[in-house]
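What follows draws every value from the coordinates through simple rules; no lab data is involved. As the structure is a computational prediction, the values presented were derived from the model and not from experiment. Neighbour counts are summed over all protein chains in view; Cβ atoms, including those assigned to glycine, are modelled from backbone coordinates with ideal geometry.
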Amino acid sequence: MPLVSTNAEPVAAPTVLATQHGSVRPLAAEDLERVAALFLTKFRRRRRLLDRAIAETAEYMRKIYLDPAGPSGANNALVQINPQGDLGGFLGVLKARYELNGAVLNAAIIGPLMADPGTDHGSAGPQLLRALHQGEFDLYLTDSANRVSLAFARPMKYQLLPAHCLGWTRIFRPAAVASAVVRGKWPSLSRFALDPCAKAFDAFTKKRFEPSVQHSSSHRVHRESMDAAQFAERLPTLVSDYSLRPRWQDGELPRLLALASEKRADGPLHFGGTYDEAGKMLGCYAFYGQAGGMANLLQIQATGSHWGATLDGLIADAWTMGCAGIIGQTQSRFMPQLFSYKNVFFRYAGGTMVRSRIPEVTQAVRSGDIFIGGLMGDRWTRLSSDDFGR
């Protein structure tokens, strides 16, 4: 399929798709509470569903999936209705735009994929994905697929990006990390009993875990904080060296960052950048963080050979803030810099996959020449981490 489009048209939601296993149709407002209850059961392991948790989750889903001013601009999320008329599954979809060789492409960012085990017999997930593929999107992507979703998607010719499937962790204060984990499992434990011991231990091991500047010297490169508007203005310039990259329209990126700032699990959203001695920006980053907690990287981007200096700035900001450590999603372009850090650990964090029928898109993905993850994923949403109703 040649690349001929220069103006991507709005993508209409798929029409109703019916099979012997049920039907798939676009998400409607009346579905939200049932979808919210299923989400809390599947992804938050809630055995007892409180009305306020369902209401808060449903309202948030309305904002990101049904609100015309939201990130999608149109409803592309899908529900599966089983033959008995009950909700069998849900697929969250956000619309985005990419560009490649001057052509504008409609992209579907796939979020939560879930099925009700009480009404589904293994057909809802594949049926939802097949219905999505019948739409008019040029590419489909996800950066948070679990292993069940991977099993559904791989036979459907999704390309897996292994380097993006990993998460990395840099620990600063190991006892504070352990204390946070314990309080997460047993919230009734007082931090006044745990924190003094954690602080004493971390003070003893400070020299072992304190980050050092690895790739830059302070007189040549410096870091500065910035606000969301400045970050939105500068990020598009830094991603211009990707062949397959996002095409944010006027006001779209600031709106996306405003929604991303609503996440609560890891603290407020902070922005920073690295600059050379002449004031030229070398890279920028955005992360959630607060003193005593784990900082969570949302986005990092740099030009050319400046990934190391930008990573230095990010880690220095999280350390100075008093964070216990920092976690983030890997990218192929800064894996060599991550490997050079001490006390960095890697783990499987979620499948990053892309599907397209366009050969040029497939080739760009295969060569790693795609900007994906962070703001071009769904980990910026509250659905990725927040505990609703608490």
Problem set entry | Ratio of Rg to Rh over the range 246-390 (Cα coordinates, Kirkwood Rh, two decimals) | 0.96
Exercise. Taking a 30 Å limit on the Cα-Cα distance, which of the listed pairs Lys42/Lys63; Lys95/Lys263; Lys95/Lys280; Lys95/Lys342; Lys42/Lys263; Lys42/Lys95 fall beyond it?
Worked result: Lys95/Lys280; Lys95/Lys342
Problem set entry | Zero-based 10 Å bins, Cα pair distances in the range 308-390, whole percents | 12, 36, 35, 14, 3
Exercise. Listed highest first by mean packing, meaning other Cβ atoms within 10 Å per residue, what order do 93-99, 295-301 come in?
Worked result: 295-301, 93-99
Exercise. Contour minus end-to-end for Arg255 and Asp227, with contour as 0.36 nm per residue of separation and end-to-end as the Cα-Cα distance?
Worked result: 8.7 nm
Exercise. Using the alpha-carbon centroid of each, what span in Å lies between the range 251-272 and the range 96-134?
Worked result: 24 Å
Problem set entry | Packing-based order for 270-276, 366-372, using average beta carbon neighbours within 10 Å, highest first | 270-276, 366-372
Seminar exercise, completed: Expected sort for 112-118, 310-316 on mean C-beta neighbours within 10 Å, highest first, is 310-316, 112-118
Exercise. Any idea what % of Cα-Cα pairs in the range 55-120 are farther than 19 Å?
Worked result: 45 percent
For this session: Collect residues whose amide H, placed 1.01 Å from N in the peptide plane, falls under 5 Å from the amide H of Leu298; neighbours closer than 5 in sequence don't count.
Result: Ala286, Phe287, Tyr288
